[in-house]
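What follows is a set of notes on a single structure, which appears directly below.
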Amino acid sequence: MKTAFVLCSRLSSSRVPGKPLLRYNSIPQIQLLIARLIATGHPVILAIPGAEVIQYAFLLDVFKKNLVIF
């Protein structure tokens, strides 16, 4: 059986809007998490709302073939 990580993320939140893109040491929080997940060697799938694809598109440039956005 194969294992993969499915990471659900959305920018619209009532408490902390845009939280996945908040930066820690100039790196977005979501990028730090994805890097840690990729380091395990398992595939990473990022599930996001269709209307937010543009905001997450930079991640495809950062992680090339190691990330799938769904």
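The values are calculated or read from the model by the stated rules, or taken from the named source; none is laboratory data. Just so we're clear, the structure is a prediction, and the values are computed from it rather than from any experiment. Note: accessible area is taken over every heavy atom of the protein model, side chains too, but ligands, DNA and RNA are not part of it. Shrake-Rupley method; radii C 1.70, N 1.55, O 1.52, S 1.80 Å.
Here are a few things to note about the model shown:
- Accessible surface calculations at 1.4 Å, restricted to protein heavy atoms, place the chain at 73 Å² per residue.
- For Leu7, distant residues with modelled amide H under 5 Å away: Ile45, Leu46, Ala47
- Phi angles of segment 21-31 translate, via the Karplus equation with coefficients 6.51, -1.76, 1.60 and θ = phi - 60°, into HN-Hα couplings of 9, 4, 9, 10, 6, 6, 10, x, 3, 5, 5 Hz per residue; Gly and Pro are given as x.
- Residue separation of Lys65 and Leu11 scaled by 0.36 nm, minus their Cα-Cα distance, works out to 17.1 nm of gained length.
- Accessible area of the chain belonging to carbon and sulfur atoms, whole % at 1.4 Å probe: 61 percent
- All Cα-Cα distances of the chain, cut into 10 Å bins from zero to the largest, leave 19, 56, 23, 3 percent in each bin in turn.
- Theoretical ellipticity at 222 nm over the chain - DSSP helices of four or more residues, -39500 (n - 2.57) apiece, nearest 500: -7000 deg cm²/dmol
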